[in-house]
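The values are calculated or read from the model by the stated rules, or taken from the named source; none is laboratory data. This structure is a prediction, so every number in the text was calculated from the model and none was measured. So basically every Cβ, Gly included, is an ideal-geometry build from the backbone, and we count neighbours across all protein chains shown.
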Amino acid sequence: MTPRTTFAVARRVLAQLRRDPRTVALMLLVPCLLLTLLWWVFGEVGDGTTFQRLGPALIAIMPFVVMFVVTSVTMLRERTAGTLERLLAMPTGRGDLLLGYAVAFLTVCVVQAGLVIALSVGLLGLDVGGPLWALVVVALVDAFLGTALGLSVSAFARTEFQAVQFMPALIFPQMLLCGLFVPRDAMPRAAELVSDVLPMSYAVDAMNGVRSGTSGAVAEGTWADLAVVGGFAVVVLLLGTLTLRRRTD
């Protein structure tokens, strides 16, 4: 891999996104709309703390899910159109290609995270004890994991519809077991053990660690949880370089 080739791929992907306003809207506006809907629906339920409990978890989950969908479909489209085969015929390695895609989508995610956090903290009243920059860092690492996973699983799909079908298999179980709906320590023991090996669980824990921080510092264990998420992302991206196919038969 070479930085020059990697950033050339990233610039190409960003140029494509600039010509695709629907995808940009999906990545930037849909998370904001979902958070606003959550605040509206749960704002007056019970003691009014439901949004305070679910908000940080959703800020962690949404970059992961959005990036997974967008990157898996985009990479599959590149392969079925023959673009991927032409790129790999040039002096572009598989690592350059996947890392370039990751850099491009993470650049967009910086804007996405800024919008979501500004909305949730500034307008919707989400209480955060830790520093706001830590929220952005956690959101970016979560987006990196979603990007890496989306790039990797695209090798196993033949159509865009098949790529989207990986969501029920890979994303929904993690959402159920990550502590979003039920605290992990309140789950059946078997479910808790499964959640301990799922990256989304650590993503949610890291975001909650920022929320529950005090005096401008994150809670203990937050950075360890985030390191686990980043480690998952790196391993998945490396596996993606081994499974990446030039074209779909």
### Task
Just one of (1) in a loop (DSSP other than H, G, I, E, B); (2) within 24 Å of Ala104 (Cβ to Cβ); (3) among the aromatic types (Phe, Trp, Tyr) trips up Phe181, so point out which.
(2)
### Message
of a type outside the set (Asp, Glu), surrounded by 19 or more Cβ atoms within 10 Å (Cβ to Cβ) and in a helix (DSSP H, G or I): is that true of Leu176 in this structure?
### Response
no
### Task
Could you run through segment 9-58 and say how many residues are among the small types (Gly, Ala, Ser), modelled with pLDDT of 80 or more and exposed (fewer than 15 other Cβ atoms within 10 Å of the Cβ)?
2
### Query
Can you find even one residue in segment 189-196 that is in contact with a Lys or Arg (Cβ under 7 Å, 6 or more places away or on another chain) and modelled with pLDDT of 90 or more?
yes
### Query
Which residue out of Ala155, Ala148 is farther than 25 Å from Thr50 by Cα, in contact (Cβ under 8 Å) with a residue 24 or more places away in the chain, touching a Ser or Thr at 6+ places or on another chain (Cβ under 6 Å) and part of a helix (DSSP H, G or I)?
Ala155
### Query
Given the structure, is Ala143 out of contact with any strand residue (DSSP E or B) (no Cβ under 7 Å at 6 or more places or on another chain), buried (at least 16 other Cβ atoms within 10 Å of the Cβ), under 24 Å from Thr49 (Cα atoms) and in contact (Cβ under 8 Å) with a residue 24 or more places away in the chain?
no
